[in-house]
Structure formats: structure tokens, C-alpha cells
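First up is the structure itself, then whatever we jot down about it.
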Amino acid sequence: MPVLIFFSSHWFLSLFFQTFFHHRYASHKMFTMSKVWERFFHFMTYVAQGSSYLTPSAYAIMHRMHHAYSDTAKDPHSPHFFKDVWGMMMHSREIFHGLVTKTIKVSPKFLGNYPEWAALDKFGYGNLSRLLWVIFYVVFYAFFATAWWMYLLLPFHFLMGPIHGAVVNWCGHKYGYQNFDNNDDSKNTVPFDFLMLGELFQNNHHKHPNSPNFAKKWWELDPVYPVLRLLHFLKIIKLRRVHG
Ligand SMILES: [Zn+2]
Ligand SMILES: [Zn+2]
């Protein structure tokens, strides 16, 4: 039981901070917050992602490129240019690493206005931090796993952030229905997106990239939007006014 609680907590916490901090805040600035809260959420994002910490600035740049070049050859992770999800992951990993190390050139229009924390970003992206988190996950399983198959869940812990990215990028541009014609292959994979916390409403999101609510029809539900409304009500974040 502790292993399953640990697994689902890690799954949803890592995913929540990815959609909240990396995607909706760093990439799209759907809301603003004070520097103190930004640091708090930045640190929590690091803890939640652990060994697969994704530098928010690099995530934001890559994600802005994805919106600008959606499903074209310049898209960093369109499923339509790869024969399997692993090939797509390796390609986006290479671009991501190039953005972190600043070894690839990108248009200045994708740069700036994202959270940066030099010390944490450097440590979190480094091998020592990754190794320590991996040891922590393995030790937790060594103490609490009650069946051999539970150890098969460990690779998910190691690569949680990129796995979520791959599921969203692959499924969200390949399987599902479209509410809008966005001149790309973005799809809404399911009408109630609990497992990926709203991220699978890619078709809606590409149509309204700055809207904090990824659900657009009355029968769709983005479970993170009410959380944003609550944080706005509590004055922790300030939602931007968007139309449409
Ligand atoms: Zn997309
Ligand atoms: Zn986006």
C-alpha cells in the first residue's frame, strides 16, 4: 500500500507542478505571482520532479517553439515525424539539453519572461541531484515494496517529468477529437482529463493558448482550473484576464 500511495502521489504532484509551473506559468504566463511565491513553487517543482527535474526556462522556450511550429518539421516533439514515442522523446531531449546548455540557437522571440533560479536550476539538472533522488526512490521501495512487480514502477519515478511530456505530446497530437481547426493535428484525447490533469486538451489549448481553462465545452473538465481559481481567490496567484 505505501508504494502505491507513493507512486500516485509522485505521479500527480510531478504532473501538477509541470502543468502549473512549467506550462501555465513559465511558458504562457496565464497568471502572475510574487517573487516569493514564485521561488516557493519553483522549489516545490524541483522536489516533485526529483530525478527528472526539467529546467523551467528551457521548458518554456521549447514549449513556445512547439506552439509556433505545431506539427511541422520545426516542432520539437510532433508525433508525426517519429515512428515511435521513444524516438520523439530522444529528439526532444536533445533539444532540451541544447537549450539548458545554451548550445543551440533559438529565435529571440521565444526567450525571456520565465522563472530562473541559477543555483537550483544548475543543481537540479545535474547528475548529483538526479542520483540522490534515484537512491531515495530505490530505498523507499526497498523498505515498503511487498511484491516483486512493484519494482517495475521504479523507472517511472526516475523519468516522471519526461514520461508525462511524452504522453501529452504523443497522444495529444494523435488521438482524440477536435473542437477547433488549428491547422495542426492537436487533439482533445478525452473529455475528462483526470489522469493527465487537463494537459490532454491539446486542441482546445492550441486554439486558446493563454486561457487558463483547458476545457472549452460544457461537458469537458480540466481539473487544474478550479485549483487556479482557488489560488487566485486566496491571492497567491493573479489570473490574467483572457477573452475566449
Ligand atoms: Zn501541443
Ligand atoms: Zn502550451
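Side notes on the structure shown:
- Residue check for PHE140: in a helix (DSSP H, G or I) and not basic (Lys, Arg): yes
- Region 62-88, residues that are within 15 Å of ligand 1 (Cβ to nearest atom) and part of a helix (DSSP H, G or I): MET62, HIS63, ARG64, MET65, HIS66, HIS67, ALA68, PRO79, HIS80, PHE81, VAL85, MET88
- Of the residues screened, VAL134 is not one that is part of a helix (DSSP H, G or I), within 16 Å of ligand 2 (Cβ to nearest atom) and closer than 20 Å to GLN18 by Cα.
- Checking each residue in region 196-216 for being part of a loop (DSSP other than H, G, I, E, B) and within 12 Å of ligand 1 (Cβ to nearest atom) picks out GLU199, LEU200, PRO209, PHE214.
- The sole residue among LEU131, LEU154, LEU200 that is loosely packed, with under 15 Cβ neighbours inside 10 Å and either closer than 26 Å to GLY87 by Cβ or over 20 Å from the mean Cα position of the chain (by Cα) (or both) is LEU131.
- PHE123 meets all of the listed conditions (1) more than 16 Å from ligand 2 (Cβ to nearest atom); (2) under 20 Å from HIS42 (Cβ atoms); (3) hydrophobic (A, V, I, L, M, F, W, C); (4) buried (at least 18 other Cβ atoms within 10 Å of the Cβ) but one, namely (4).
Residues checked against (1) surrounded by 21 or more Cβ atoms within 10 Å (Cβ to Cβ); (2) away from ligand 2 (no atom under 16 Å from the Cβ):
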| position | (1), (2) |
| --- | --- |
| PRO2 | no, yes |
| PHE40 | no, yes |
| THR45 | yes, yes |
| LEU54 | yes, no |
| TYR59 | yes, no |
| TYR69 | no, no |
| VAL85 | no, yes |
| ASN113 | no, no |
| GLU116 | no, yes |
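- Qualifying residue in region 225-240 (condition: out of contact with any helix residue (DSSP H, G or I) (no Cβ under 8 Å at 6 or more places or on another chain), within 16 Å of ligand 2 (Cβ to nearest atom) and either in contact (Cβ under 8 Å) with a residue 12 or more places away in the chain or not aliphatic (A, V, I, L, M) (or both)): yes
- Among the candidates MET150, MET160, the residue that is touching a Gly at 6+ places or on another chain (Cβ under 8 Å), more than 16 Å from ligand 1 (Cβ to nearest atom) and in contact (Cβ under 8 Å) with a residue 60 or more places away in the chain is uniquely MET160.
Condition check ((1) touching a Leu at 6+ places or on another chain (Cβ under 6 Å); (2) not aliphatic (A, V, I, L, M)) across all residues:
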| position | (1), (2) |
| --- | --- |
| GLY165 | no, yes |
| VAL168 | no, no |
| TYR175 | no, yes |
| PHE180 | no, yes |
| ASN183 | no, yes |
| PHE192 | yes, yes |
| GLN202 | no, yes |
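- When region 1-56 is filtered for residues that are under 14 Å from PRO162 (Cβ atoms) and either in contact with a Cys (Cβ under 9 Å, 6 or more places away or on another chain) or not in a helix (DSSP H, G or I) (or both), the ones remaining, listed by number, are TYR53, LEU54, THR55.
- Considering ASP222, ASP185, ASP181, ASP193, the condition of being within 13 Å of ligand 1 (Cβ to nearest atom) and out of contact with any Cys (no Cβ under 6 Å at 6 or more places or on another chain) is satisfied by ASP185 alone.
No value in this document is a laboratory result; all are computed from the given coordinates. Please read these numbers as outputs of a predicted model, since none were measured by experiment. Here the Cβ is made from the backbone with ideal geometry for all residues, glycine too, and neighbour counts use every protein chain on show.
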